[in-house]
Every structure is written in structure tokens, then in C-alpha cells.
């Protein structure tokens, strides 16, 4: 792997701390991400970019020297965020808006516009830092929910860069994600990546569903076609570095001392261990209440078990977390007050972070590791515990809502919201026979050892390289971004010009209801200016009825109009005529009942009857269900219409049944015949009905696809506004 890796995450593997004496010191972070990235960075000569953790306001010469030392020796480049940006970004939008919604705690959502502005500004600062350090050929790996906007920012600043993104937390369902303020911007921010990877296949599918529901972008299982390229999708569950847990057990004297002391202290009792950050997603109160049920007199477990609950403080300045801490303290006090004896404390509560040596000793000691998050991207505690159980002793009790549950089927799975059932599962774990216990743990241990964090990192980079290579292979054939000056120059040079323009989705947004598709004044002015130029032939093609087209555009002199995708034509200064005739009069009677049946099945959908076509609209319906039914409808109609001159065609949120000869290719050929020897050909459109036209036009034509999605056009324009600006430029050029 010869290319350099640039890792970008909110925090670096180093932390800047100021001592009581006022000196700046460095603390190295341990953990799965640092363990995975460091060997890859060493191998590629790579760098890590992240927040220093403070605002840089106390920017002394000593502090600057420490950060310069990080860059020189550790290849870690620290970003400073101004105090107001840091607060709004990290404690605001990231952790009071994104975090609760992504973990399904919508009631905890707090949002204000200043927090969003800080989130955007922080992502811009990260982008600037990456651009400053970027070298051609680098692979950029962006991590997690704090930087959802960064991939697109980087794509705009570094169009040819290789960009990957990994989401460490869950991606919520398409029913929950739309609750997010600024949801569209977040999804568009991710669209700049070459590779998007998630912890589980379920999270990947939920992302795809949200993409369809919020932005209307359809995707395949493994990719999203967008803007003439494909974004690769992967499910890559993160692992741990097992040696970081097994080595202290084998060789570290401090770990051995801790284990010996605790083993003696808890002799004759089963030890249940829970290790969490004190976060409302981790299910600590639910675990404590389930444990209280486990200690009821009828279970016979009084004085036979002990729960060691480690709860590492986090985000303590946020009110929700302060409330959680109070609730947990109260529950621990109630359980110990109700059940404790002079010789036994049911809950040993440790509300601080603990050293690796202590943690590993506890993993070895624990008969059961109780991992009960209410929602978690992965949860590496489950894998750390298993890594320490090479002897096969121990049982993992695991929430089915942790990402780890998808690959750790030998664990005993629980629904942490069901405290009665959870207590029953833990009781089963306590009495599990030796053979079953060892069989389950050995299977888990083998998988955790194989699928370690190093394999995860390598798999991500291999997938990223393949995604970037695929983009490079199609670089010569994919559409180019439209350059207005270039097309204006060709337009001015031409003596005879032909412009064929799609309407909805190209000049105006696609309307929810047909009657809402009327053009604004700016579009009418542009079309009138273009059509009045004697060198121009301008054709407007729409799926709308002739009456709509006449009402909207009938007063523009020199404009060719095509209604119902070309089924009817109005030449300049003439009246409407059918492109072909006659057509069977009874075809609608056989198709309409089928469309009405689908209306009954799909709330919010309706049928629009036009002179030459029938259209089933489902824009106002639930998008995933409607898209599924649209495929079913097209398949059904294809078989029914196979021997006729009609076809069913899927468009943006519609299925249209129309004559096969009503198309933009026919319209183009008619106008081209009237505009002999045109030396400037231009066509713009946004959907599948335009693709045949793009394919049939000569290579010298300026063919423009509007918006995202794969296309046969030579150029792409990002949105309707850019097309209007271009046409206004052409209208004024002469």
C-alpha cells in the first residue's frame, strides 16, 4: 500500500493537558481506533488530523512547541477550534442533536441554529486543515458523526481526492432520521465520499432508506450512483487489538496483582461485570433495575453474586448527563441499601475511568460480562472481554441492539428494555453448564481474534482503493462539470443553433401536484429571449398536457412546444397537431383499473389522465413502499403491453403509460429537420426520458444532465439554478 493515509477524526490519539503547575503535557490515548490507525499510518508515512481538545486561547510558546512536537514526531496535526465554535459543534449539534437521534433517543434532541452554524464552521476548519496537508495521491479517511459534512467539502476543494468515511455509531431508521434538523445537508455532506462504511449491514440499509426518503436518491445494495460516479457502500464491523488485552494478562505484574487481590476478595461469589461510559444510550439504569430483580428472595442469589459497574463520566456539562448520573447514584444507593449485609455489597460502583491493567484483570475475573446498551454502533467491551477469555471460561450477555450482536451469535442476547427477561437470561448465564459455556466462549474468542481491528483497517483501505480506482477508470467517459464560459463561447461562435429543453426537473422543480408546475417569470423571460433570436430554434418538451403548455408558454413567439413527451407538437405560429395518429381509443379502459388498484394500495398516490397517457403519481406517498410498488406495477404492465405501441416508464416518483413513439428523440429530429445545418446543438434534462436523447445526439452536442445520478450526457449541472443561470447567460450573449 504505497499511497499515504490521512486520518481525520474529531480527536487525535494524543491529548493536550495543562497541569496545576501551568505546564503543558501530552497524554497518549489508547483504544481501538488508535490501535488500528497507528500501524497503517507508519506503513504509509501517513498523518492524523484532529482537534487539539482546547480552543488555543492560552496559546503560549510552550503550547505551540508541544503541538509542533506532535506534528514532527507523532505525525499528528492539531486543529484549534474557537471557544464558541467548539462548544456549539461538540457539546451542541454533535452531541445534543445528532447523538440522541442516531441512537433513537428523539426526546433528548436539543437544537438551535447557532449550534448548527458552529457544526458547519468546525467542519470547514477541518476541511481547511486537510487541504493544507494534502498531497496528490493521498487517501483521506474521515471518521464519525462529528464530521458528516466533511466529505462533500473535501470533494469540492479536492475534486480528484480519494475520500472514505466510516460511521462508528448506528445509523437510524428512515422513520427516525428525518426528525433531524438540517437532515438534507447531512446526507449531501456524505455524498462527497468514494466509500461510505457502516458497522453493520442493518445500518447500511437504514442509510439507503433515509437517502431515498429524504433526498429521493435511489441506491443499490453496494453503491449509490450520483453525479456520474458511484459511491461504494460497505458494512465493516470494527474489531479490537486482542494483544492489548492478552499481553497484560500474560506478562504484566500489576495486572496479576489486581487479579489475585480481587479473586481472593470475591471467592465463593459469581462476579458480574459491566463497563460503560455514563451515557443514556448504555442502559445503566435498566441494568441496575434488572439486577435488583435478580436479587429477589425467590432467586436464592443473595450474597452469591456481585455486580461491578464501571461508569466512566462523559459530557458532564450537558444537563441530560447530569440527570443520568443522579439517577444511577440513586439506584446504586437503593439496591445496596435494600440488599447489602455486613459481609456483602451487591453493587460495586466505580464512577471514574480505570487503567488498562485494572480493566484487564476485571475481564479475567468476571464470570459474566453484562453488555446492555439500549443502542450502540458496535460496543467493543463485548470483544475486549472475549479476548481475555482464551480459556473458554465466562459468559457474554449482550444487548440485541448493539452492533456486536450481528456477529456474536454465541452470546446470550437480551432486550435491555425488558428487565424481567434480562434478569432471567442473566440467571441462565449463572447456571450454564461447563461444556456449553466453553463452546460458546471459544467460538466467540476465535472470531474476535480473527476479525481484529487491523483486519478491519486493511479491509476498509482495500475497499477505498477499489472505489477510487473505479472512479478513475471512468474518468474519461464520465460527464464533466459544465463550464459556463466554455459553452458561451461555442454559442456565440455558432450561426445556427438548436436547443431542446426538458421542463420539470430542468427549468423548474418537479411539482408534487400537476397544477403546481407553472413557470416563474424568470423562466418565461429566458425562454422568450432565446426564442426571439433569429439564429435559434428552441424546443420545450414536457410531460404536461397541451392546454397547460398553451396557457404557460403560448404567448412566446418562436418557441416550439411539445406536450406529453412529444405526443403532440405546436410549431411556432401554428396550432397543436398529433405527432402520430390514430391511436387506439380503448387502451385506457384496460390500464386504468390497474392504476386505480395501485392507488388503493398506496395512500397519497393518484392517477392523472392526459390525452395520450396515464400517469400514476406517488410523490406524496411513503417513498420506500411506493418505490417497491412502482417496480411491481411496471413489471405487471410490461407483460400486459408487450404486443402494443404502449410502454410503462418509471420517472421521478411516477409511472407513466404512454405511446412508445412519444419521446424526445422524435421531437429533436423534427426540430432538427426544420433547423437545417445547426452548428450548435444543446439538450438539457434530468430523468430517464432524456437519456435516449443524449445517446442519439452527435458527440459534438452539448448534452447536460441536471442533478445527481448516472447519465449518458457529456456534462452535468448540479441543480436547476445552474441551468437557469447558463441559459440566461446564453440569452444575453448575443
Margin query: With both bridge residues required to lie in the stretch 5-235, what share of the DSSP beta bridges run antiparallel, to the nearest 5%?
Written below: 25
Notebook entry, point to check: Between residue 27 and residue 469, what FRET efficiency comes out of the Förster formula 1/(1 + (r/R0)^6) with R0 = 51 Å and r the beta carbon distance, rounded to 0.05?
Noted result: 0.85
Checklist line | Two-site label geometry, residue 316 and residue 298: point separation in nm, points 7 Å out along Cα→Cβ | finding: 4.2
Check: Among 307-317, 555-565, what's the highest-first ranking by average C-beta atoms within 10 angstrom per residue?
Finding: 555-565, 307-317
Notebook entry, point to check: How high is the FRET efficiency between residue 551 and residue 699 when r is their beta carbon distance and R₀ equals 41 Å, given to the nearest 0.05?
Noted result: 0.60
Margin query: Taking the number of other C-beta atoms within 10 Å as the exposure measure, put 636, 139 in order starting with the fewest.
Written below: 636, 139
Note to self: Using a 10 Å cut-off around each Cβ, can you sort 103, 168 from fewest to most neighbouring Cβ atoms?
What the structure shows: 168, 103
Margin query: With n ≥ 4 as the cut-off for DSSP H runs, can you work out [θ] at 222 nm for the chain, using -39500 (n - 2.57) per run divided by the number of residues, rounded to the nearest 500?
Written below: -12500 deg cm²/dmol
Notebook entry, point to check: Relative to the present Cα-Cα distance, how much length would full extension add between residue 483 and residue 264 at 0.36 nm per residue of separation?
Noted result: 71.3 nm
Margin query: Give the separation of the Cα centroids, the stretch 629-705 to the stretch 409-471, in Å.
Written below: 51
Item checked: Beta bridge orientation in the chain: antiparallel %, DSSP, nearest 5 -> 30
Check: By count of other Cβ within 10 Å, fewest leading, how are 546, 84 ordered?
Finding: 84, 546
Next item on the list: Can you tell me the equivalent ellipsoid semi-axes for the chain? Use √(5λ) from the Cα gyration tensor, largest first, whole Å.
Entry: 60, 31, 21
Check: Roughly what % of Cα-Cα distances in the stretch 486-598 sit above 23 Å, to the whole percent?
Finding: 39
Notebook entry, point to check: Roughly speaking, what is the stretch gain from residue 525 to residue 596, that is 0.36 nm per residue apart minus the C-alpha to C-alpha distance, in nm to one decimal?
Noted result: 21.6 nm
Note to self: Could you check the spin-label model distance between residue 661 and residue 586? Points 7 Å from the Cα along Cα→Cβ, value in nm.
What the structure shows: 2.1
Notebook entry, point to check: Given the stretch 587-659 reduced to its alpha-carbon atoms as identical point scatterers, what log10 I(q)/I(0) does the Debye formula return at q = 0.13, 0.19, 0.24, 0.26 Å⁻¹?
Noted result: -0.31, -0.67, -1.09, -1.28
Item checked: Hull-based mean projected area of the stretch 335-483, where the convex hull spans the alpha carbons, in square nanometres -> 14.9
Item checked: Calculated diffusion of the stretch 5-235, Stokes-Einstein form, Kirkwood radius summed over Cα pairs, 4 °C and 1.567 mPa s, µm²/s -> 71
Note to self: With both bridge residues required to lie in the stretch 243-449, what share of the DSSP beta bridges run antiparallel, to the nearest 5%?
What the structure shows: 5
Notebook entry, point to check: In nanometres, what is the gap between the two model label sites at residue 185 and residue 218, each 7 Å from Cα along Cα-to-Cβ?
Noted result: 3.0
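Read the figures in this text as sums done on the coordinates, not as results from a lab. This is a predicted model, so every value here is computed, not measured. With ideal geometry, Cβ positions are generated from the backbone for all residues, glycine too; neighbour counts draw on all protein chains shown.
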